[in-house]
Structures are given as structure tokens and as C-alpha cells.
1. Could you tell me how many of the residues in region 49-64 are surrounded by 14 or more Cβ atoms within 10 Å (Cβ to Cβ), in a helix (DSSP H, G or I) and in contact (Cβ under 8 Å) with a residue 40 or more places away in the chain?
2. Return yes or no: is ILE73 surrounded by fewer than 18 Cβ atoms within 10 Å (Cβ to Cβ) and at pLDDT below 95?
3. Of everything in region 155-172 that's aromatic (Phe, Trp, Tyr) and assigned to a helix (DSSP H, G or I), which residue is surrounded by the fewest Cβ atoms within 10 Å (Cβ to Cβ)?
4. Exactly one of these conditions fails for ALA119: (1) crowded, with 23+ Cβ neighbours inside 10 Å; (2) touching a Gly at 6+ places or on another chain (Cβ under 7 Å). Give me its number.
5. Go through region 39-92 and give me each residue that's among the aliphatic types (A, V, I, L, M), out of contact with any helix residue (DSSP H, G or I) (no Cβ under 6 Å at 6 or more places or on another chain) and farther than 18 Å from MET105 by Cβ.
6. Within region 102-154, can you find the residues that are over 16 Å from the mean Cα position of the chain (by Cα), in a loop (DSSP other than H, G, I, E, B) and either on the phi < 0 side of the Ramachandran plot or among the acidic types (Asp, Glu) (or both)?
7. Out of (1) on the phi < 0 side of the Ramachandran plot; (2) of a type outside the set (A, V, I, L, M, F, W, C); (3) in contact (Cβ under 8 Å) with a residue 40 or more places away in the chain, what's the single condition that is false for GLY89?
8. Does PHE165 qualify as being more than 20 Å from VAL22 (Cβ to Cβ), out of contact with any Cys (no Cβ under 7 Å at 6 or more places or on another chain) and modelled with pLDDT of 95 or more?
Amino acid sequence: MSVTWVRRVPEWGAALVLAGFVLLAHGMTAASILPLYLAAVSPALCNADLVHRRLPNRLVMPGYAVAASAITIGWLMGDRITPTAGIAGVLYFVFLLALSVLGGMGMGDVKLAGVLGLAAGGLGMVTAIASPVIAFAVGAAAAIVALTRRTGRSIPFGPCLLAGFWSAALFF
């Protein structure tokens, strides 16, 4: 699979575009803090997973601290983030952990799913449901393409997870 298109668009440019979409779609609220962090790291995560088949902990794990900070800031400012965020984060994490134990997912995908669930849940229940549904639809399409091209039996799933999150966050 060629990833030269990823190298043509600077990561910071894509990050700025995503951040702009977050602010246009949701404004600057406590629930926007984690999606803004994800905007900053999504291009690098996609690039790393497409090229190296890894989602670096140094980009994924700070998302949990950002989520805790966003919830605290929201509580202090009276801009509540609903319990949906925590529930969605745990469910998405546990679901992908089960798939990982069965051999279908990497642990980077599992950790990223928890962060994405927290972010999507903070934006609302519809976003929390749509995010994994879209991610798995994109993953299924990518797997079909990989199988028809005979490029291998596995695909990097991080970009699919991120595509699901960004589609849900911006359109639901």
C-alpha cells in the first residue's frame, strides 16, 4: 500500500483543519478539549499506523489525561460533560480489548478506542454510537480492498477508528 499521499500533506496542516472543524461544529466547550487534542495527533497517528503498523503510546496515552482535565474543567465551569463520555470510553475500550484477546486487534487500537469513546461520548450519545459503527464500516471496506488486492490479511485499523470518530464528531 502506498502512503505517499500522507507525506504530501503536512501533519500540522491537517491538524489545523480538524481543529477548525471541531470549533465550528461544537464551539469551545469542555467537551471540545479532547477532540482538539485528537485533532493535533490524528494525522501523526494515521501516518504511524499506515507506515509502521503502530499507534505510539506517546500520542495515544496523553489523551486519557486530557480527558480527565476536560471533565474537571467542565465541572469547574459548570459546562458538564455527560456520563455518556465515561460509559462510551469504557465500552469501546472493553469491546476492542475482547477483539484483541481473540486476536483481531492490536493493543494500540484498544488504547485509542478508549480515548475516542471518551471524546465521542462527550459530544453526545449519537456521536458515541455512530463513531464505532462508522469505524467498523470503514474497516470492513478497507479489509475488502486489501483482500481483493491480495496485500495481506490485516489492515492498520487506527485510521479506520479515527475516520469513524471524525465522521461522527463532525456530522452527528
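1. 5
2. Details: surrounded by fewer than 18 Cβ atoms within 10 Å (Cβ to Cβ): yes; at pLDDT below 95: yes.
Yes: the conditions hold for ILE73.
3. Taking region 155-172 as the starting set, the residues that turn out to be aromatic (Phe, Trp, Tyr) are 157, 165-166, 171-172.
Those still in the list that are assigned to a helix (DSSP H, G or I) too: 165-166, 171.
Values: PHE165: 28, TRP166: 22, PHE171: 11.
Only one residue fits best here, namely PHE171.
4. Status for ALA119: all satisfied but (2).
5. Scanning region 39-92 gives VAL51, ALA65, ALA68, ILE71, LEU76, MET77, ILE87.
6. LEU102, GLY104, THR151, ARG153, SER154
7. With respect to (1) on the phi < 0 side of the Ramachandran plot; (2) of a type outside the set (A, V, I, L, M, F, W, C); (3) in contact (Cβ under 8 Å) with a residue 40 or more places away in the chain, GLY89 is out only on (3).
8. Values: more than 20 Å from VAL22 (Cβ to Cβ): no; out of contact with any Cys (no Cβ under 7 Å at 6 or more places or on another chain): yes; modelled with pLDDT of 95 or more: yes.
The answer is no for PHE165.
The values are calculated or read from the model by the stated rules, or taken from the named source; none is laboratory data. Bear in mind the structure is a predicted one, so any value in this text is a computation, not a measurement. All Cβ positions, glycine included, derive from the backbone under ideal geometry; neighbour counts span all protein chains shown.
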